[in-house]
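The block underneath contains the structure these notes are about, expressed in structure tokens.
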Amino acid sequence: MCNNYFPKTRGLFAIRTTTTTTSRSNPPSSWSSSSARHGEIPRRLALYSVDKIVEEFAMDLSMNPFSSGTRLRDMIRAIRASKTAAEERAVVRRECAAIRAAISGNDQDYRHRNMAKLMFIHMLGYPTHFGQMECLKLIAAAGFPEKRIGYLGLTLLLDERQEVLMLVTNSLKQDLNHSNQFIVGLALCALGNICSAEMARDLAPEVERLLQTRDPNTKKKAALCSIRIVRKVPDLAENFMGSAASLLKEKHHGVLLSAVQLCTELCKASVEALEYLRKRCVEGLVRILRDVSNSSYAPEYDIAGITDPFLHIQVLRLMRMLGQGDADCSEYVNDILAQVATKTESNKNAGNAILYECVETIMGIEATSGLRVLAINILGRFLSNRDNNIRYVALNMLMKAMSVDTQAVQRHRSTILECVKDADVSIRKRALELVYLLVNDTNVKPLTKELVDYLEVSDEDFKEDLTAKICLIVEKFSQDKLWYLDQMFKVLSLSGNFVKDDVWHALIVLISNASELQGYSVRSLYKALQACGAQESLVRVSVWCIGEYGEMLVNNISMLDVEEPITVTESDAVDAVELALKRYSVDVTTRAMCLVALLKLSSRFPPTSERIQEIVVQNKGNTVLELQQRSIEFNSIIQRHQSIKSSLLERMPVLDEASYLVKRATSSQATVSLNKSAPAATPGGSLKLPNGVAKPPPAPLADLLDLSSDDTPATTSAPTAAPNNFLHDLLGIDLTDSSSTGGAPSASTDILMDLLSIGSPPVQNGPPTTSTVISPGQVTKHASATPQVFDLLDGLAPSTPLPDEQTAYPPITAFQSATLKITFNFKKQPGKPQETTMHVSFTNLTSATLTDFMFQAAVPKFIQLRLDPASSSTLPASGKGSVTQSLSVTNNQHGQKPIAMRIRISYKVNGEDRLEQGQISNFPAGL
């Protein structure tokens, strides 16, 4: 800010070059006076070659090795005549060498000329540190021309970090006390540019004294220099409070502008100065603003018909600072602010600048409601301006005004919506953010309709931001599930490629919970998929719904009054998924979801099983391992595992909506805190669900074995309910234990449920009391399951005694069915209580040999498991032999949590695949 009042280098170079003598090289003698009279000399001068200029400059250097006689103009011409950077560097290098020689020879006559050339070289970016001391010598000279060059060089070649600057403090002090006001001005300009903290403390008294002089130019420069001093040493602010307040009584606009800036800086630096100026300066500021607003035409201050807009703006900023949080001061300036807001013309840029600053002042102080409405109406007029900059700053200011007077901003809602459709991308984005702030429960539907309609015709670059805002609005303010689904389906159809994953995940969670709208959803998505199959998120949600609720699509189940029946065959549903599978050949997630949907449709629509199998088999050779594995496994399920196919491919359990929202809010909590946005929902407060129905969060989720959030079991308040954990299995496995009694917990609440679970209820092992063979491929269920589950919970009690390291642990029968018996033996190493080696023995209880025998185990995340290879893959019949295998287990929370394990055993009997699984919860205490 201070640089506006300091002399510029261009004037220096102009004065110096105009006083030099004529050129040494005379023009050719063939140039006659008659040709000069006819204007041919300028034309012939243009014929001078660049080589001639460089040659003349070299001649000057040869004539005077100190380069004292080389003029600044000649050096500039030689540098500009250089054709390459190398030539320029050569000219600069020769000139710098000559200047160094002149400095060594103590050439005083041309010291100022050398310094002028050195400053030009510095502005070109070449090093000039060797001339710093010459600046100090020129400053110490007595004449004004030398001091002018010296101070200008000081501001260009040095900064406040240079140690050489300490040597100039004494010269500055002498010049600040000089009788020549021009020399005083030079010292003030230099001090205002390069003042350090030490110099500020040493020279503050002189600057404070100069604030009281009569000369307005000196006062102006002293005030600007004081700003630099206050910034460097805020403790000195109290020294300038009285002088700054007295300067506000001046008539000279330059002094007033500098004084207002000084007062503003004092308010920032000191609370005491702020209170002092509130008491002493408010009346003076009102007077200044009134005089400037009502003054007649003054050509020296007039800009576009407005008197001194710069003084207007600085006074308004200082008023905002003084009136913020002070009711008395705000009340005193209300009238003058209203006068400025109503009388200032808005057809010129200067007037708009004053109006904007006036609006910002009104919003920043304790203004009356009427004055705030007036300010917001001014911003509304700005929105209709053709200048993009004015509209942008108006939108910025309206966003700030939302926290002050929302209703007044709502009146301009239609104009703001039009700005969302503006051609300028920055205006569109800012208007969209403002529209999001304007949305409430009463206007959410019309505003959403406007945004969705514009989404269809908006630019591709803007669709991502627009889609994100629409999704946020729909999730936050929807009160009706049907309206929520309709809006999300429209967004997926128009810009599904820009919908984020967590948005369509939340949509699937809502569809899973809205049983009465599942048929409507799958039919709507099917129709949207036929019309807009190129939208990625739409394809994913549609494929998921077709796989889950395909029978509702084909049979028109759960029709709503607003729907019209559609005819969709089983083959049509498969066609839709197959088309999506072929279209998204690159996206692994979409193809994986299509394969899962096809697998489920093979169970929903048995006549299409062969066709679905052919589609699935096509991916057996896929280069993506995930798709290849799914294809092989799904083909095996369709072809070989008809006995478990129906239970394996049942509909997904109802996904816990509240738990998902807690998880989603927790995952985004870090981002929310960084952006200073609204606090995220926490388990301790009520949650507003996507359908607008607020309900309390569930009880704290049981994490008995420190499983990850993906493995967290459902709440224990309803043990016989359907499974709540929406992440149990991507295939939608039904884990409900239909045979359990009302008092026993269902399989859905099993704390060790993981991806090894495929539909059979877990086995609770221990000494069996009764054994019933359900089927050759299923596991025997024991009556002692319920007590042993509670034994596992009791293992968490802190009072459980820890055994001695040398304690022998008895072997246990970990698993026993009609086919198989598994025995565990334990061994611990001294000094490592958390590590356990388990020797597992498998015994065949049937009369048939078991082949392709394979044992698998899963443990919670706080346990590390290493499984060694089995001794054999063939288990002899009738217990005539056994297979052994070793396990190494490390319990990282030994003494706090017990070991728990789920096991799965697969084998073949007479070529038929068999599978058994169970849970081991009877490990010895302290293991």
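Between Ala85 and Ser414, the modelled label-to-label distance comes to 6.0 nm, taking each label 7 Å out from Cα in the direction of the beta carbon.
Taking packing as the residue-averaged number of other Cβ atoms within 10 angstrom, the listed peptides 305-311, 126-132 run from highest to lowest as 305-311, 126-132.
In order along region 74-84, phi translates into HN-Hα couplings of 5, 5, 5, 5, 5, 5, 6, 7, 5, 7, 10 Hz, rounded to whole numbers, per the Karplus curve 6.51 cos²θ - 1.76 cosθ + 1.60 with θ = phi - 60° and x for Gly and Pro. Taking label points 7 Å from Cα along the Cα-to-Cβ direction, Thr813 and Thr846 give a separation of 1.9 nm. Just the protein heavy atoms count here, and of the accessible area of region 331-426 at 1.4 Å, carbon and sulfur take up 45 percent. With 5 Å bins beginning at zero, the pair-distance distribution over Cα atoms of region 876-927 amounts to 4, 13, 16, 22, 16, 12, 8, 6, 2, 0 %.
Multiplying each eigenvalue of the alpha-carbon gyration tensor of region 141-195 by 5 and taking the square root yields semi-axes of 18, 11, 10 Å, largest first, rounded to whole angstroms.
When peptides 396-407, 322-333, 454-465 are ranked by their average number of other Cβ atoms within 10 Å per residue, the highest-first order is 322-333, 396-407, 454-465. Between the residues Leu455, Ser403, Val425, the greatest Cα displacement towards the positive end of the dipole of region 373-486, with unit charges on the Cβ of Lys, Arg, Asp and Glu, is found for Ser403.
Between Leu560 and Lys908, the C-beta separation translates, for a Förster distance of 45 Å, into a calculated FRET efficiency of about 0.35.
Once you order the gyration tensor axes a ≥ b ≥ c over the Cα atoms, which shape class does region 172-244 get: rounded for a/c under 1.5, otherwise prolate or oblate by comparing a/b with b/c? Judged from the Cα gyration tensor, region 172-244 comes out oblate (a/c at least 1.5, b/c at or above a/b). The convex hull defined by the C-alpha atoms of region 299-355 has an orientation-averaged projected area of 4.0 nm². A straight chain from Asn396 to Asn106 at 0.36 nm per residue would run longer than the Cα-Cα distance by 98.4 nm.
Assuming charge only on the beta carbon of Lys and Arg (+1) and of Asp and Glu (-1), the dipole of region 597-636 about its Cα centre is about 120 debye to the nearest 20.
What region 870-911 shows is 41 Å² of accessible area per residue, with the surface traced by a 1.4 Å probe over protein heavy atoms. Surface composition of region 90-189: carbon and sulfur make up 53 percent of the accessible area, probe 1.4 Å. Between amide H atoms placed 1.01 Å from N, distances below 5 Å from Ile812 occur with Phe824, all of them 5 or more places distant or on a separate chain. The 3J(HN,Hα) values that the Karplus relation (6.51, -1.76, 1.60; θ = phi - 60°) gives for region 344-360 are, in residue order, 6, 6, 10, 8, 10, 5, 5, x, 5, 5, 5, 4, 4, 5, 5, 5, 5 Hz. Gly and Pro appear as x. Residues in region 368-382 carry Karplus couplings, in order, of 6, 5, x, 5, 5, 4, 4, 5, 5, 5, 4, 5, x, 5, 4 Hz; the curve used is 6.51 cos²θ - 1.76 cosθ + 1.60 with θ = phi - 60°, and Gly or Pro positions show x. A 1.4 Å probe run over region 351-496, with the rest of the protein chains in place, finds 41 Å² accessible per residue. Amide H contacts under 5 Å for Ile303: Asp308, restricted to partners 5 or more places along the chain or on a different chain, H placed in the peptide plane at 1.01 Å from N. Here the spin labels are modelled as points 7 Å beyond Cα on the Cα-Cβ line, and at Arg583 and Ser643 they lie 4.1 nm apart. The magnitude of the dipole of region 560-647, with charges of +1 and -1 set on the Cβ of Lys/Arg and Asp/Glu and taken from the Cα centre, is near 560 debye. For Glu433 and Asp291, what does the FRET efficiency come to when R0 = 41 Å and r is the distance between their Cβ atoms, rounded to the nearest 0.05? Efficiency for this residue pair is about 0.55. Rounded to the nearest 0.05, what FRET efficiency do Val654 and Thr884 give with R0 = 56 Å and r taken as the Cβ-Cβ distance? Could you check? Calculated value: 0.80. Pairs exceeding a 18 Å alpha-carbon distance, out of Lys429/Lys663; Lys219/Lys249; Lys400/Lys463; Lys469/Lys663: Lys429/Lys663; Lys400/Lys463; Lys469/Lys663. Solvent-accessible area per residue in region 567-660 equals 46 Å², computed with a 1.4 angstrom probe and all protein chains kept. Dipole orientation for region 195-339: of the candidates Gly284, Leu266, Ser196, Ser196 has the Cα lying most toward the positive pole (charges on Cβ; Lys, Arg +1; Asp, Glu -1).
The values are calculated or read from the model by the stated rules, or taken from the named source; none is laboratory data. Since the structure is predicted, the reported quantities are computational estimates derived from the model, not experimental observations. For neighbour counting, all protein chains shown are included, and Cβ atoms are generated from backbone atoms with ideal geometry for every residue, glycine included. Note: accessible area is taken over every heavy atom of the protein model, side chains too, but ligands, DNA and RNA are not part of it. Shrake-Rupley method; radii C 1.70, N 1.55, O 1.52, S 1.80 Å.
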